[in-house]
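> Okay, handing you the structure first.
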Amino acid sequence: MRRALYIAICLTLGTLGTNNPAQEPPDIHKLFAQLNELGTTDRAAIEILKAASEDTSARQYIVRKLPGMINKQKSEDEIWQNAVRLAGQLKASETIPPLLKALSLGPAGGPMNTTFGVQMRLDDDIVAKALSQIGDPAVPAVTNLLKSGERKARRRAVLILLNMDSAASRKVLQDQVQRETDPDLRDFIERSLHS
């Protein structure tokens, strides 16, 4: 009799726990609206990342929305910066074209005066960091940046590839050593590959 009562209580408590509103998944549509508001964007970005990691349909919804947000290209805007960070954190390959377009804005979303270590980790360049977090799907697009005539663009591409740290990105960097015309950048690539 006691055992039956114990089981009935456990089942009742278990049922009550599932009706707890705190355990229900957040409404991704509401979170997306909050992501687009200055006062709630930071908190919404954290909640979206959590929801997207637990629910594939929430992730798909956000990943479809991020390219449009990134295309707005307002690097000083917190909303835009959160969209870029989410693109990297969610490894959203759908955002590669707008992220490449945003690279033309220069480094954004980090401290202006940085150390070499901060630059190497791309902590001062959220667009480049997002591309590095996306990883191998972004390798072809970043490889095209290495064909740029501008040394700064090539160095930025090298940093993105180094941060990816995959077999595909290392292969591109090894190939670039042979083609790189700037001796300082060539030496930087070689040292980085061997460290």
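Quick note: the coordinates plus some simple rules give every number you see, no bench work behind them. All figures in this text were calculated on a predicted structure; none of them were measured in a lab. Cβ placement follows ideal geometry from the backbone for every residue including glycine, while neighbour counts extend to all protein chains displayed.
> Taking only pairs six or more apart or across chains, which ones have beta-carbon atoms under 7 Å, a first residue in segment 146-166 that is small (Gly, Ala, Ser), and a second residue that is surrounded by 13 or more Cβ atoms within 10 Å (Cβ to Cβ) and assigned to a loop (DSSP other than H, G, I, E, B)?
Pairs that qualify, where the first residue is small (Gly, Ala, Ser) and the partner is surrounded by 13 or more Cβ atoms within 10 Å (Cβ to Cβ) and assigned to a loop (DSSP other than H, G, I, E, B), are Ala157/Leu146; Ser166/Gly135.
> While we're on this one: Any chance you could count how many residues in segment 58-99 are over 19 Å from Leu122 (Cβ atoms), assigned to a loop (DSSP other than H, G, I, E, B) and in contact (Cβ under 8 Å) with a residue 24 or more places away in the chain?
Residues flagged as over 19 Å from Leu122 (Cβ atoms), assigned to a loop (DSSP other than H, G, I, E, B) and in contact (Cβ under 8 Å) with a residue 24 or more places away in the chain within segment 58-99 amount to 1.
> Scan segment 120-136 for residues that are assigned to a helix (DSSP H, G or I) and either closer than 21 Å to Gln81 by Cα or among the β-branched types (Val, Ile, Thr) (or both) and jot them down.
Met120, Arg121, Ile126, Val127, Ala128, Lys129, Ala130, Leu131, Ser132, Gln133, Ile134
> Additional query: Being farther than 19 Å from Lys147 by Cα and among the aliphatic types (A, V, I, L, M) is the filter; apply it to segment 165-195 and report the residue that is surrounded by the fewest Cβ atoms within 10 Å (Cβ to Cβ).
First, pick out the residues of segment 165-195 that are farther than 19 Å from Lys147 by Cα: 165-167, 191-195.
From the residues that got through so far, the ones that are among the aliphatic types (A, V, I, L, M) too are 167, 193.
On the way: Ala167: 8, Leu193: 13.
Among those that are farther than 19 Å from Lys147 by Cα and among the aliphatic types (A, V, I, L, M), it is Ala167.
> What tally of residues in segment 34-46 results from selecting those that are closer than 15 Å to Ile70 by Cα and assigned to a helix (DSSP H, G or I)?
Counting residues in segment 34-46 that are closer than 15 Å to Ile70 by Cα and assigned to a helix (DSSP H, G or I) gives 3.
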